Structures are given as C-alpha cells and as structure tokens.
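**Q** Before we start, here is the structure in question, set down as structure tokens.
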Amino acid sequence: MSAFISLLVRDMRIAVRVGGGALMGALFFLIVVTMMPFAIGPDLGLLARIGPAILWLGALLASLLALDRLFANDHDDGSLDLLMMGRMPLELTVAAKAIAHWLTTGLPLVLIAPVLGLMLNVEMHAMVWVALTLLAGTPALTFIGLIGAALAVTLRRGGLLLAVLVLPLTVPVLIFGVAAANAAIVGPAPFGPPFTILCALSLASLVLGPVAAAAALRAGQE
Amino acid sequence: MAIIDLANPTRFLNIVNRALPWLAVATVLVFVFGLTRILNSPDDYQQGATVKIMYLHVPAAWLSMMCWGVMSLAALGTLVWKHPLADVSGKAAAPIGAAFTFICLVTGSLWGRPTWGTYWVWDARLTSMLVLFLLYLGVLALYWTVEDPGRGSRAAAILALVGAINIPIIKFSVEYWNTLHQPASLFRKGGSAIDPSILLPLLVMATGFTLLFFTLHLAAMRNEILRRRVRAMRLIQAQELAEARA
C-alpha cells in the first residue's frame, strides 16, 4: 500500500511542478468555454439552456487532451519500465497513476466549472448540480482514457489516435452526465437515475480501466 | 479435429481453399432464394415498397453486432490462448464489420427519408449504431498505424474486448431513450410481432448475410496470411540485399 501511495504522491508532485502541466487542462477548459459564445452567439438565454452541455463537452475535451501525459513522459525517460518491473501488481500501479492524474487534471476542471458556468449564464444553484455531475463523471473519463493512453504509448503514437480510440467509449458518460445535469436544472425527469448510472459508469471504469490498461502495457512490451 | 490443428497456416489454407467455393455457391443460392421470396412478399400497408429495405437493413445490423462478437472471440484467442490464427481472424473481421455497420447506417438513412421524413435523427439506435461504426474505425485505425502485425493485433484485441462492453450499452440505450425507432419486434416476450410472409424472407436474408460474412471472413483471413508471408519474404530479401552490399 505504501508503494501505491508513494507512486500517487510522486505523480502528483511531478504534475504540479514546472513542465508537469497540471493546470493546462483547466486553462484549455477556460479557452474552449470562451470560444463557444463566439460560435453560438452571445444570446444569454440560449447559453443558459445549453450551458451544462458546453461545460460537459469542454471537460471531456480537456481531460482527453491531458491523457497524453499519463504515460508518455514515464515512457520516454524509462521509469515506466521500472514501474512495470516493480513488485506491485501492474493494475495497481496504473490505477495509482490514473488517480493522481485525475486529482491533478480532473478535479481542477470540477472546481473551475462553477466559475465558467457564470460566464454561460447558468444559474448559481444549478452550477452546484453541474459540478456534482462533473465530480461523479470525470473519473470515468480518466479511467476510460487510461486504456487509450496505455494503448497509444505502447504503439508510440499519441494525439489523434488516442482521441479516435477514446472518444466513442466516452459517449455513455457524456449522455448520462448531461442528462443528470439537465434533470437537476430544468427537470422534469428525476435527477436520481441518470446520476446513479453516471456513478456506476465511474465505478465500473475504475475496475475495468486499470485491468485493460495493464494488459495493454504488458502486450506492448512483448 | 481440434481448433489447435488449425494453428498451422498451411493446413488452414488447404481447408479454406477447399471450403471457400462451396461457401460462395451456398451464399449465392441463399441470396437468390431470398430475393425471390422478397419479390413475392407483400408491401406494407403504410410504407409501401420501401419496407423491402428492411431485408438489407436488419440483417446488416445483426451481422454488424455478430462481427464484433467474432472479433471479441478472436481477441480472447489472441490474448489468452495465443492462437496464431486468432489475430488474423480479428484483423480480417474488422473491415467486414465496419462495412456491415456502414450498410446498416446507409440503408437506415435511405429508409428513414420516406418513412420518418428525414435522413438522420439522433435516436438511440441510430446513434448507438454510429458509435459502433466509430469503434470499428478506431480498431481499423490501430491496424493502420502499427507496422508490426503482432503488436498491432494485441492492441486491437484489447480495444475489441473493451468495445464489447459497448454492445450491451447499445441494448440498454434503446430502453433508456426509445424515441423514434420502433422497439425490438422480433425477439421479445410473447413471440414475434412480424407476419410470417415478411419474417421468412427476412430470416432467409439473414442466413444469406451470415454465409456472406463467413465467405468474406475466410477469404480475408487467407489474404492476410498470404500478405504476411509476402511481408516476411520481402524482409528476408531486403536483409540479403543489405548483406550482399556490405
């Protein structure tokens, strides 16, 4: 367990230092949300209506863009090989890295979402709900993306391939995330069912993601 | 004969070369029979002759899902049993599955225009079919980007297994939204809701499509084995050339 925690702390420390790019995701999120009114128009009524969807889409793209960093640096300097040789099961190693990644890129997205919501004219009480759905849903994005990141790093390809592999798998998360946010704000459907399904997606990907990612890393090593 | 006997590519090629003409003839015969049944089948009282698109659309949809099943089995073969032909099978199945999904989307779109009044709606089944198509393209993209066949097929196998989780979600999403597209009418409690005069040609066409799939799949596997042999020979040739120059 101590190995798990020390790996977690190490990854977080690297992420917040210079070159780690922990806040880059949040910055990208801000820019995407800023670009939306330029494309859609400054109609505040319309923005308020589609605000939760814009926030979810922005968070999805921001967490997708940060995925490259999950393994690429460790792969380049060789520490990934060391981690794979370690005594801790590879699944746990990968899970620790993913949790650290979520804490440094997913959580900031959740935290700044209410501020960005103000810019989109989403009401204050509604913002709490949107942030709550993001809190429940972004772990799923990270853990599904983990599989793609592991596949991409073993193939020494990143960028677009990663997006092509991961985005279709995140469709259910986006659907239930936006459904839960809309249910909380405008109704009339109850908030509970989509939100619990969103939580279920996060929990399921928490289990499946590390197993598949570890398998991908092992397969790539042969 | 055990499945491990097929591990020898030469033996497998012999069997394929013997079986393929029979399969092809059977496919053509079933299709001809199915098409004659379709010509005799009645038009829908509401949709008219456009209902006949169904005989292409529905089997293509079934096959697109079955093809992912074949790919998942092949993925297990690659990752768990390390069967030498499993990755060949998976690689051969991916483009065929993508093609069936594409046929399903196109025919569905053409069918939607006269019946729903629009080529495309963001309804549960259409959308999940589109996602399935995107997943197929993702698997194909993996094969396209990786030079080494072994490495690429292991990565694609993992993606295929992860994507297999998507197929239950397709079914689930039908229940969750259920907007424009009619719910499943063939496999449901209380038996089929389709009249036998339409059901029979549909099942014949589904059989024809399945036979077509196996014909194409075996042919594609044969081509892939030959392609890998050509690749290996070229590598040896290039190596010999390099040594001769040195």
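**Q** Once both axes come from the Cα atoms, what is the angle between helix A:90-101 and the longest principal axis of chain A, in degrees from 0 to 90, rounded to 10?
**A** 40
**Q** Given the protein assembly as shown, report the % of alpha carbon pairs whose separation exceeds 41 Å.
**A** Result for the distance tail: 29 percent.
**Q** Write down the Kirkwood hydrodynamic radius of chain A, to one decimal in angstroms, obtained as one divided by the mean of 1/r over all alpha carbon pairs.
**A** 17.8
**Q** Using Cα atoms only, what is the angle between the long axis of helix A:171-185 and the major principal axis of chain A, expressed in degrees (0 to 90) to the nearest 10?
**A** 40
**Q** Another one. List the trypsin sites (Lys or Arg not before Pro) in the stretch B:46-142 that DSSP assigns to loop (not H, G, I, E or B) and whose Cβ has at most 12 other Cβ atoms within 10 Å. Which are they?
**A** Hits after loop and neighbour filter: B:82.
**Q** Shielding of A:167-176 by partners, i.e. mean partner chain Cβ atoms within 10 Å per residue?
**A** So the per-residue partner count for this stretch is 5.
**Q** Going by C-beta contacts inside 10 Å, put B:88, B:106, A:171 in order with the fewest on the left.
**A** Lowest count first: B:106, A:171, B:88.
**Q** Compute the semi-axes of the equivalent ellipsoid of the stretch A:99-190, taking the square root of 5 times each eigenvalue of the Cα gyration tensor, and list them largest first in whole Å.
**A** Sorted largest first and rounded, they come to 28, 15, 10 Å.
**Q** Could you please rank B:136, B:55, placing first whichever residue has the fewest other Cβ atoms within 10 Å of its Cβ?
**A** Ordered by Cβ neighbours within 10 Å, fewest first: B:55, B:136.
Read the figures in this text as sums done on the coordinates, not as results from a lab. Just so it is clear, the model here is predicted, and its values are computed rather than measured. Counting neighbours? That spans all protein chains shown, and the Cβs are built from the backbone with ideal geometry, glycine included.
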